[in-house]
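Just dropping this structure here.
The values are calculated or read from the model by the stated rules, or taken from the named source; none is laboratory data. Computed from a predicted structure; not experimentally measured. Cβ: placed from backbone, ideal geometry, glycine included. Neighbour counts: every protein chain shown. Keep in mind that these areas ignore ligands, DNA and RNA; they rest on the heavy atoms of the full protein, side chains included. Shrake-Rupley method; radii C 1.70, N 1.55, O 1.52, S 1.80 Å.
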Amino acid sequence: MSDAMSSIFGRLGWDALPFWSMLHDHSPMTLINGVIATGAAGMVVLGALAAIVLVSWLGKWKYLWSEWLTSPDHKKIGIMFIVIALVMLARAIIEAVFMRAQQAVGLDGGFLTAEHFGELFTTHGTIMVFFMAMPFLTGIINYVMPLQIGARDLSFPVLNQVSLGLTAAGAALVMISLVLAPFSTGGWTGYPPFTELSYNPGAGVDYWIWAVTLSTLSSTLTGINFAVTIFKKRAPGMKLFRMPLFTWTALCTAILMIFGMPPLTVATGLLALDRYLDFHMFTTDLGGNMMNYVNLFWAFGHPEVYILILPPFGIFSEVFATFSGKRIYGYKILVIATMCIAVLSFTVWLHHFFTMGQSAHINAAFGIATMLIGIPTGVKVYDWMLTMYRGRIRLSVPMVYAIGFIMLFVLGGMTGIILATPSVDYQIHNSLFLVAHFHNMLIPGLLFGMLSATNFWFPKAFGFRLEERWGYRAAFCWIIGFMLAFFPLYVLGLMGMPRRSVAYFEPQYLPWTIMAGIGALVILCALLCLLLQLWVSIRDRHANNVFVGDPLGWPDAGMVGLLTAAGIQLPGAARDLQH
Amino acid sequence: MSQNNVIPIEHNATQDAQKTRHPGLNLGPAHAHEEDTREEMVFGFWVFMMSDLIIFGLLFATYVTMLGGTAGGPGPSELFEMKSAFIETMLLLASSFTFGMASLALKYREDRTRLVFWLVVTLLLGVAFLFFELKDFHTMFDNGGVPSRSGYLSAFFSLVPLHGLHVTGACIWLVALLGQLAVYGLDAPVKTGILRLAILWHFLDIVWIGIFSLVYLGGLS
């Protein structure tokens, strides 16, 4: 009997239930953490049930199945990717708020156990990178890129469905881990030997390996699909140097996915062999070498950050041009800069572990390579500013995100240059300074880009505009919340507070952690504003309808304007196809 | 850039086909329809191969860094046999040649007999390769060369059997293609299938040459 159970459930036992430990140990700490974990698990179960009830009540199962889940249409698949991203974004923001709350009261303790805190920062990072950022940008590219190049669909629509399924399965695993068994506590990087069987015998790391591997395979296939589509399915006359900039960045991202994702497949695959078949790739004994994992992980990890940031660069290029009423400044230079960034991104991975034992010469080489990336990025920033210069600027919601991005992203870039100096990095590596830096790149960079794109292209997808008042509120909450939550972390990092600390004993940290906690609450408000914006927009969709008496649908300022800006005049029939 | 000019759209099908022709085996005029459909699919498969090559490249690199990690266990000189590695190499090289003959039969012959003949010979050579490889692993296991013994052996068993798995997959694909050939005849999907499998087969041959040179010759020298 127990054999049969263990062959089905493996490392899962009764203690996998989040309230199990609470029933046996009644200390206040266990109770609080048990209640939080049970509440989270309850939200997952209730959320799933609510979705099932809602679809049944509306009688939409058949519609959902045949029109969406089994649809090979790139537009619908793109939207489904974005839905996954938004659900996961909500969860990961709530986790972030719990972490900030813990550190705000974390002087000499706090309310979370170290285990629970470890799970929170692991799931938060894993979700934000693999199940928020990746599906979000994949969804936007899926939707927009074929329209921009005049293709009917991606080259391999069924492969696209497979990619969606793999990402959905990975996201589902992360969700299930809230209900059954704890998740990994190894951080989003999952460094061995901590994640090896000898230190982590539970199911947590296995959840992480499977979820991440599924997501990685999904992204590899997506990259192949995007690249082939851009190379082979462009409409006649759409020469490479007439492609809209967003498509250019999509191409570079696709190339990075093709070459940057396999290293992670190798890393997690070998870690799985270590755990399941008693290999010794990364163990501390019998000739294993954990540095191989670190190198493999960041051989993926650094291209990954450019996979995340290039599509937003493309989006902002479109947004700045559209809402400045001008053509983009320096189209060709922007393309070249994008390509430079894509190539350089493979040459800097070692800066993620300057302190892990290389010689000073190697560190210097990688530090210089890292700083070089600042040049093409700087070129881009100037091009965007010159696009706005003397333009007829309209401060629409996408533009607010774009301006927030350009100010904050430059600050993040500056702190990146600081971190790229190995001697400085020795002082502040693994501190909250680093956490502040990469959030400074990813929130104003990636997330603002995605939200800007959602506001920009939403009417294209659904035929009505997103409501603007809540849109502005969300945008300003994001900008202010980001600054409040992460600027204090720079200070804390310089004061020496390590990242991932569940508690601390320095009273000087306190004002800053409290300020960061308030920032997290403002970000939570931003999330609520986004939800309200969506709700209000759907409620008032008839008032915001964009189909007003134009025989071509609507004068699609974003798309047609950009095509014209790139020198492309689509013939009537092809233009009709786009609507 | 003169982007404001309206570009007149001309679409000359034959010119485009000439321009977009990719390097590799082109099917020729007898296969007009496949000539067009194969383009995207075969290109996609090339891209997939590039991605797969990264995986092998990283495993080769990892293997080299783990050479010293024998932890007192058996190393290359105790575990490898040149004779059997050489036989495997010859089998795989021969199978690449016979697949080449199959591709030529696909391009120039109307009848299917030669194509099927060369494909079956390729399959047999592939299976023979797998047989010898498994025999090698068996001998290694008998001599204490198991992956749990040391980091070096873990690296070996993450690299070489992955190639073997690929060959197994390619053999299964070949059997499926032969089945499709029998049921559907030489239609477009079967033709592009053979083209893609040919790419995979030669790719695996190249990877094996890397394994033979680096793992076996390097290990025994």
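Leaving out same-chain residues fewer than 8 places away, which lysines sit with a Cα under 20 Å from that of A:Lys326?
A:Lys380
Mean 1/r over all different Cα pairs, inverted: what Kirkwood radius does segment B:130-209 give, in Å?
Details: mean 1/r = 0.0689 Å⁻¹.
For segment B:130-209, the Kirkwood estimate is 14.5 Å.
Mind running the shape call on segment A:70-172? Use the C-alpha gyration tensor, a ≥ b ≥ c as the square roots of the eigenvalues: rounded below 1.5 for a/c, prolate if a/b tops b/c, oblate otherwise. Walk me through the intermediate numbers first.
Values: a/c = 4.52, a/b = 3.04, b/c = 1.49.
Since a/c reaches 1.5 and a/b is larger than b/c, the shape of segment A:70-172 is classed as prolate.
In addition: For a protection proxy built on the mean count of beta-carbon atoms within 10 angstrom, sort A:463-469, A:483-489, A:539-545 highest first, please.
Going by the mean number of other Cβ atoms within 10 Å, highest first, we get A:483-489, A:463-469, A:539-545.
Quantify how strongly other chains surround peptide B:51-58 by giving the mean number of their Cβ atoms within 10 Å of each of its Cβ atoms.
On the way: counts 11, 2, 2, 11, 7, 2, 3, 11.
Average neighbour count from other chains, rounded to a whole number: 6.
Give me a single rounded figure for A:218-229: the average over its residues of other chain Cβ atoms within 10 Å of their Cβ. Intermediate results must be reported in sequence, preceding the final value.
Values: counts 0, 0, 5, 2, 0, 3, 8, 2, 0, 4, 9, 2.
What the average comes to for A:218-229 is 3.
Right, next: How charged is the neighbourhood of A:Asp540? Take every other residue with its Cβ under 15 Å from the Cβ of A:Asp540, and add Lys/Arg as +1 and Asp/Glu as -1. The partial results should precede the final answer.
Values: positive: A:Arg465, A:Arg469, A:Arg539, A:Arg541; negative: A:Glu467, A:Glu468.
Value of the local net charge: +2.
Sticking with this one: Straight-line reach from A:Lys460: which lysines have a Cα under 18 Å away, not including same-chain ones fewer than 8 places off?
Cross-link targets: A:Lys75, A:Lys76.
A further question on this structure: Cα centroids of segment A:355-398 and segment A:401-422: how far apart, whole angstrom?
First find each Cα centre; the distance between them is then 8 Å.
Sorted by mean Cβ packing within 10 Å, highest first, what order do the peptides A:12-24, A:138-150, A:360-372, B:156-168 take?
Ranking the peptides A:12-24, A:138-150, A:360-372, B:156-168 by packing returns A:138-150, B:156-168, A:360-372, A:12-24.
When each pair of different Cα atoms in segment B:58-220 is counted once in the 1/r mean, what is the Kirkwood radius in angstroms, to one decimal? Please list the in-between numbers first.
Numbers: mean 1/r = 0.0593 Å⁻¹.
By the Kirkwood definition, the hydrodynamic radius is 16.9 Å.
At q = 0.08, 0.10 Å⁻¹, work out log10 I(q)/I(0) for the protein assembly as shown with the Debye formula, treating every Cα as an identical point scatterer and leaving solvent out; two decimals please.
After summing over all Cα pairs, the log10 values are -0.76, -1.19.
Is the shape of segment B:162-221 rounded, prolate or oblate, going by the alpha carbon gyration tensor and its root eigenvalues a ≥ b ≥ c, with a/c under 1.5 for rounded and a/b larger than b/c for prolate?
Details: a/c = 5.21, a/b = 3.05, b/c = 1.71.
The shape class here is prolate.
Sticking with this structure for a sec: Could you list log10 I(q)/I(0) for segment A:372-443 at q = 0.14, 0.22 Å⁻¹, which the Debye formula gives when each Cα is one point scatterer?
For the requested q values the scattering log ratios are -0.53, -0.98.
Measuring from centroid to centroid over Cα atoms, what is the spacing of segment A:45-118 and segment A:262-339 in Å?
24
Where in chain A are the helices, taken as whole DSSP H runs, whose Cα atoms extend 27 angstrom or more along the long axis and whose Kyte-Doolittle mean reaches at least -1.0?
A:28-58, A:74-104, A:157-179, A:204-232, A:245-277, A:290-324, A:360-388, A:397-419, A:468-495, A:510-539
Next up: Rounded to the nearest 0.05, what FRET efficiency do B:Val175 and A:Ser423 have when you use their Cβ-Cβ distance and R0 = 51 Å?
On the way: r = 60 Å, r/R0 = 1.17.
About 0.30, to the nearest 0.05.
Given the peptides B:139-145, A:85-91, arrange them by the average over their residues of other C-beta atoms within 10 Å, most packed first. Before the final figure, lay out the partial values.
Working: B:139-145: 14.7, A:85-91: 21.7.
Those peptides, ordered most packed to least, come out A:85-91, B:139-145.
How long is the gain from A:Phe9 to A:Leu531 if the chain were fully straight, where each residue apart is worth 0.36 nm and the alpha carbon distance is subtracted? Kindly include the intermediate steps, with their values, before the conclusion.
On the way: separation 522, 0.36 × 522 = 187.92 nm, distance 3.71 nm.
Full extension from A:Phe9 to A:Leu531 adds 184.2 nm.
Run the quick spin-label model on B:Lys135 and A:Tyr389: label points 7 Å from Cα toward the beta carbon, then report their separation in nm to one decimal.
It works out to 7.4 nm between the two label points.
Once the other residues with Cβ under 13 Å from the Cβ of A:Ala181 are scored (Lys, Arg +1; Asp, Glu -1), what is the net sum?
Details: positive: A:Arg11; negative: A:Asp15, A:Glu115, A:Glu119, A:Asp206.
Net local charge, A:Ala181 excluded: -3.
Add +1 for every Lys or Arg and -1 for every Asp or Glu among the other residues with Cβ under 15 Å from the Cβ of A:Leu273, and state the total.
Numbers: positive: A:Arg275, B:Arg149; negative: A:Glu196, A:Asp206, A:Asp274, A:Asp278.
Around A:Leu273, the charge tally is -2.
Rounded to two decimal places and with Rh computed the Kirkwood way over Cα pairs, what is Rg over Rh for segment A:225-369? Could you put the intermediate results ahead of the total?
On the way: Rg = 19.4 Å, Rh = 17.5 Å.
When Rh is taken as the Kirkwood radius, the ratio is 1.11.
Taking all pairs of different Cα atoms in segment A:1-158, averaging 1/r and flipping that mean, what Kirkwood radius in angstroms comes out?
Working: mean 1/r = 0.0527 Å⁻¹.
In segment A:1-158 this quantity evaluates to 19.0 Å.
Average partner chain C-beta neighbours within 10 Å, per residue of A:496-509? Intermediate values should be presented prior to the final figure.
Numbers: counts 0, 0, 0, 0, 0, 0, 0, 0, 0, 0, 0, 0, 0, 0.
What the average comes to for A:496-509 is 0.
Once each part is reduced to its C-alpha centroid, what is the distance from segment A:160-183 to segment B:172-218 in angstrom?
When both Cα centres are located, 33 Å separates them.
Shifting gears a bit: Tell me which lysines have Cα within less than 16 Å of B:Lys107's Cα, excluding those fewer than 8 residues away on the same chain?
B:Lys191
Moving on to the next point. For segment A:392-514, what D do you get in µm² per second when you plug the Kirkwood radius from alpha-carbon pairs into Stokes-Einstein at 4 °C and 1.567 mPa s?
Details: Rh = 15.9 Å.
So the translational diffusion coefficient is about 81 µm²/s.
What is the percent carbon and sulfur in the accessible area of the protein assembly as shown, measuring with a 1.4 Å probe over the protein chains and ignoring ligands?
71
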